[in-house]
Amino acid sequence: MIFKPFRPLASVLRAPLAIVFIASLSGCSVFSFFSSPTKPQPATLQAVSGVVSAKQAWASRIGPVTFPLDINVSGSTVFVAGNDGSVAALDARTGGDVWRTTVGAPIAAGVGSDGKVAAVVTQANEVVAIQDGREIWRQKLNAQAYTSPFVAGGRVFVLAADRSVNAFDGQTGRKLWTQQRPTEPLVLRQSGVLLAVGDTLVVGLSGRLAGLNPSNGSIRWEAPIASPRGINDVERLVDLVGRVSRDGDIVCARAFQASIGCVNTARGSLLWTKPANGAEGIHGDDRFLFGTESDGVVLAWRRADGERAWTTDNLRYRHLTAPLVVGRSVAIGDSAGFIHLLSREDGAALNRLTTDGSGIAAAPTLAGNTLIAVTRNGGVYGFVPE
């Protein structure tokens, strides 16, 4: 079986105040949160070279987005969702609707799709599956989910905030299996790690990447990227965050404000880890990994060993998204609604794309040669090279 490819902050019941606290720290370190007397000012934007040119090809709309949206692409179809329960499949070439519907409840995570079935999770802890714009089933979860469902192989996989992994039949919603791992007091209310490599379901469980058998949920291997530290629940919080960078069997991921690391998923072995203080996922190519630190510094690491290749602080304190490698550029969104195109070789500013100014809600995504961006106000934009 070949598969295609949690996280704004959840808690357990015992620590509701701590959860709100951690949510507020997603863009800064614990120490800067307490020590900074004034809010750091975003870096002034520098002139761009215009070496890479792109133009807005189309724009569409979905409801406002404050949950951890995952923009899903299958072929030439883009799947997006809004807070109000709206879910849409758009044609990546024109921005026109393929279909559009509502699940009748606010959305907590989504969208996952294999191109046929799309799935979201509502704030009522329900997984809802949609096909051709029509709901085909919904199932209740035992805990909230903040990671987009993963749809592949005729199944829908869901990573929940109690660190359980659930598998459902894609057409009927019948639960096939549940893998439950030991829980911890806090979990990030942010998109986590859930993808497939060959016939293995790769999941982020606390600070570990785990390989599961998708047929029955049994654990094949586990590899630690970070371990809990500190003396209280907040200091000991460790979670892997999406997006990830995959090159063949090698999957590289970030542990929230702790480290980045790479795992050989064929062997289930850790290749290397390096300290890193970021809250968003990473992306990369066969040579480099790219990421944004919590203070807005953008870094490139050598994929082979994790050593730094370059850094730039030109986007400091601009509340950046996870990056996307596109052509010769690295695309990164910010809280002012800009998509910054940086050089993969040295981080130099190549271009800057504008949206509606409300902030980029999700890591940019590529559909064919169209760069897709979604804003907090619900604007959906397609940019293409000139």
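The values are calculated or read from the model by the stated rules, or taken from the named source; none is laboratory data. Owing to the predicted nature of the structure, the values given are computational and were not obtained by experimental measurement. Every residue, glycine among them, receives a Cβ derived from its backbone with ideal geometry; neighbour counts consider all protein chains shown. These accessible areas exclude ligands, DNA and RNA; they are computed on the full protein's heavy atoms, side chains included. Shrake-Rupley method; radii C 1.70, N 1.55, O 1.52, S 1.80 Å.
If you put +1 on each Lys and Arg Cβ and -1 on each Asp and Glu Cβ, how big is the dipole of the range 252-386 around its Cα centre, in Debye rounded to 20?
So the dipole magnitude of the range 252-386 works out to roughly 240 debye.
Work out the charge dipole of the range 235-386 with +1 on the Cβ of Lys and Arg and -1 on the Cβ of Asp and Glu about the Cα centre, then indicate which of V251, V384, P364 is farthest towards its positive end.
Among V251, V384, P364, the one farthest towards the positive end of the dipole of the range 235-386 is V251.
Kindly state, to the nearest 0.05, the FRET efficiency for W99 paired with E235, given R0 = 56 Å and r defined as their beta-carbon distance.
In this case the efficiency is close to 0.75.
For the range 305-386, which whole percent of the accessible surface, found with a 1.4 angstrom probe, sits on carbon and sulfur atoms?
C and S atoms contribute 43 percent here.
Residue farthest toward the positive end of the dipole of the chain, with Cβ of Lys/Arg at +1 and Asp/Glu at -1: which of I260, G110, A223?
It is A223.
With the crude spin-label approximation of a point 7 Å out along Cα→Cβ, what separation in nm comes out for D199 versus V51?
It works out to 4.5 nm between the two label points.
Hey, can you grab everything whose amide H is under 5 Å from the amide H of W99? Only 5+ residues off in sequence or another chain; H modelled, so Pro and N-termini drop out.
A89
Could you check the simple spin-label distance between A124 and S358, using points 7 Å along Cα→Cβ, in nm with one decimal?
Label at A124, label at S358, 2.5 nm between them.
Arrange the peptides 264-275, 340-351, 198-209 so that the one whose residues have, on average, the most other Cβ atoms within 10 Å appears first.
Per-residue Cβ counts within 10 Å, averaged per peptide and sorted highest first, yield 198-209, 340-351, 264-275.
Taking θ = phi - 60°, what integer Hz values does the Karplus form 6.51 cos²θ - 1.76 cosθ + 1.60 yield along the range 224-231, in sequence order, with x for Gly and Pro?
Residue by residue, the range 224-231 yields x, 9, 8, 10, x, 9, x, 10 Hz.
Distance from the Cα centre of the range 308-382 to that of the range 216-255, in angstrom?
Each part reduced to its Cα centre gives a spacing of 25 Å.
Going 7 Å from the Cα of L366 toward and past its Cβ, which residues in the range 290-313 have a backbone nitrogen under 18 Å from where you end up?
290-292, 300-301, 303
Once phi is turned into θ = phi - 60°, what whole-Hz ³J(HN,Hα) does the Karplus curve with 6.51, -1.76 and 1.60 give for every residue of the range 248-261, x standing for Gly and Pro?
Once rounded to whole Hz, the list reads x, 7, 8, 10, 10, 9, 10, 9, 3, 6, 9, 6, 10, x.
Under a Cβ-only charge scheme (Lys and Arg +1, Asp and Glu -1), can you give me the dipole magnitude of the chain about the Cα centre, in debye to the nearest 20?
Dipole of the chain, to the nearest 20 debye: 360 debye.
At a 10 angstrom cut-off on C-beta neighbours, averaged per residue, how do the peptides 46-57, 318-329 rank from highest to lowest?
In decreasing order of mean packing, 46-57, 318-329 become 318-329, 46-57.
Quick one: 3J(HN,Hα) in Hz for the range 307-319, Karplus 6.51/-1.76/1.60 with θ = phi - 60°, rounded, Gly and Pro as x.
The phi angles translate into 6, 5, 9, 6, 9, 9, 10, 5, 10, 4, 6, 9, 6 Hz.
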